[in-house]
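Below is one structure; the comments refer to it alone.
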């Protein structure tokens with residue numbers, strides 16, 4: 001029983017990190033209708049900058065620069081690519097794959113075979129509560145993700161920025177006519193998404209994961225199924241999808257010794273299986289807007 | 001225009017007589033990639049359905065062939081079929097795998113399918129690493145050589161043509177050309193006829209397509225299946241050229257390479273796919289070959305920018321640049337002295 005509770009808490013914590021990544025992904029899609037395939041490499045960039053600088057600047061300083069770097073990279077992609085490209089939106093999505101190829105090649109070349117620590121203050125300490133053992137990083141991930149998501153939702157609902165963001169998602173032409181600067185909105189969406197991804201990088205690579213290496217982006221990729229099974233254009237969907245993926249991964253990973261007939265490393269595949277099953281029943285995700293065309 | 005402009009294609013028959021094995025192998029990789037890219041371009045370029053799962057179907061083709069043609073050994077299973085039959089079975093198997101994905105491929109549109117098909121890569125890698133007796137696990141498995149009508153495409157037999165001894169690669173070159181030619185002709189036929197127009201309309205105006213009576217979901221699923229068969233054939237040729245199939249190769253990076261190919265060459269056209277495949281496949285080979293003569297590129301393992309990394313920077317940047325400045329891809333580049341001026345219609 002304690003094992004199940006441990007796994008559930010770990011899953012929720014992992015899921016909240018995925019939700020953080022998926023949230024950025026959804027924000028970009030809502031603001032610009034482009035799927036950002038470079039999201040995993042933005043996360044790797046943020047993590048890498050933090051890992052390099054945490055010795056000199058301390059963890060928080062390094063993280064701050066990492067967040068800024070990822071946000072700036074996101075904004076730069078918007079400025080250079082999205083604003084100028086006149087191609088169809090799904091072709092622009094493929095162009096973000098080009099950016100992903102370049103960023104990923106450069107970062108994995110720099111990382112080589114090394115495993116870097118991001119220097120988080122929790123290290124490998126654990127909390128024991130009534131027989132249940134949880135790593136401190138997992139608790140921190142849950143708390144930080146919850147706070148950031150709450151802040152984001154409040155900003156999305158009440159600040160002028162959030163209101164204009166929602167207006168643009170609803171009808172970009174009308175909102176441009178009402179005086180909303182489309183360029184600024186979409187650039188800020190990319191910057192926010194990059195920043196969220198950089199924060200997520202800390203918890204993707206923290207204990208019990210060994211650290212930041214070239215495979216960290218594979219973990220970040222699991223935010224893609226999270227975003228799409230919740231519905232690409234739904235903020236609620238990103239949160240629910242993230243938690244669902246996280247809990248699935250933790251449970252399947254935890255009980256994989258009972259599931260050996262399905263092969264090793266099942267925890268990494270399970271999220272994708274869940275995504276396929278959900279898409280079979282609801283093609284536009286759990287909370288996504290259904291495509292309805294009226295003729 | 002006259003048919004004479006296709007005559008230069010005959011030059012492709014010459015390389016086995018002049019080039020060394022390195023270039024023949026590179027050329028065969030290009031042909032295999034081109035077949036796969038034509039398939040992906042039918043799906044992504046012409047129908048507007050993004051797929052990140054293309055490398056999975058390449059793997060199905062490659063391992064399908066190895067399994068059907070391979071012999072039973074202590075730790076590996078194989079059916080030991082005649083290689084020609086094995087090729088047909090492998091392509092059919094890839095098609096079946098594509099068909100099995102059709103409930104998803106038919107219903108999801110565009111980028112949604114792109115993300116959903118990520119699942120194929122990860123599921124595929126999982127299966128490939130775990131089905132030891134078919135794939136040989138991490139270290140892969142040797143590929144049995146091709147053989148058709150008693151003629152073996154390997155180093156055996158003293159085949160000498162015009163004073164050149166023909167080994168495996170020389171023989172495979174002509175097989176590759178034949179397969180690529182057939183694949184290209186078939187795709188051209190699909191694109192020119194009713195299916196091609198239906199596919200383009202689904203890409204541009206999904207609702208209009210439905211109103212005109214085109215079964216949108218069924219067409220999408222059919223194109224997905226066709227493209228996976230192309231990938232299967234490409235995978236077979238790839239396996240024959242490598243002579244060893246390793247699961248690790250068929251991962252995410254390969255799928256991204258194929259998407260880069262069709263964007264660089266030109267979306268929605270057969271020649272674009274071939275040009276893109278040539279660019280993306282030859283670039284790392286060229287950089288590796290001439291790495292000591294190039295500035296900024298260091299040989300692999302010395303810590304600098306390795307040729308394969310340099311190639312990635314270049315074609316990653318090429319993808320972005322082409323989307324921004326050359327929407328029709330490299331195929332859209334017109335060299336004024338070679339291209340006849342279009343008759344302007346009044």
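Just so you know, all these numbers are worked out from the coordinates, no wet-lab data involved. Everything quoted here is computed from the prediction, not taken from an experiment. Don't worry about glycine lacking a Cβ; one is built from the backbone with ideal geometry, like all the others, and counts go over all protein chains shown.
A straight line joining the Cα centroids of the range A:243-275 and the range A:1-24 runs 13 Å. A Förster radius of 56 Å, combined with the Cβ-Cβ distance separating residue A:290 from residue B:161, puts the computed FRET efficiency at roughly 0.35. Of B:105, B:277, B:328, which has the largest mean-square fluctuation in a 10 Å C-alpha GNM of chain B? Largest GNM mean-square fluctuation: B:328. The alpha carbons of chain A stretch over 59, 49, 36 Å along the principal axes, in descending order. Between 0 and 90 degrees, rounded to the nearest ten: what's the tilt of helix A:235-254 against the longest Cα principal axis of chain A? Approximately 20 degrees, to the nearest ten. Our estimate of slack between residue A:170 and residue A:125, defined as 0.36 nm per intervening residue step minus the Cα-Cα distance, is 11.6 nm.
Does chain B come out rounded, prolate or oblate by the C-alpha gyration tensor, with a ≥ b ≥ c the root eigenvalues, rounded set by a/c under 1.5 and, if not, prolate when a/b is larger than b/c and oblate if not? Here chain B falls in the rounded category.
As a calculated quantity, the FRET efficiency between residue A:184 and residue B:324 at R0 = 25 Å, using C-beta atoms, amounts to about 0.75.
Here each label is just a point 7 Å from Cα along the line to Cβ, and for residue A:110 and residue B:186 those points are 4.5 nm apart. Taking chain A as a Gaussian network of alpha-carbon nodes connected by springs under 10 Å, the highest mean-square fluctuation of the residues A:98, A:242, A:179 belongs to A:179.
Once the Cα atoms are used to define both axes, helix A:89-111 deviates from the longest principal axis of chain A by about 40 degrees.
If you run the Gaussian network model on chain B, springs between alpha carbon atoms under 10 Å, then out of B:35, B:121, B:164 the most flexible one is B:164. Is the C-alpha gyration tensor of the protein assembly as shown telling us rounded, prolate or oblate? Criteria: a/c under 1.5 is rounded; beyond that, a/b larger than b/c is prolate, otherwise oblate. Taking the square roots of the gyration eigenvalues as a ≥ b ≥ c, the protein assembly as shown is prolate. Compared with the dominant Cα axis of chain A, that is its longest principal axis, helix A:39-77 is turned about 40°.
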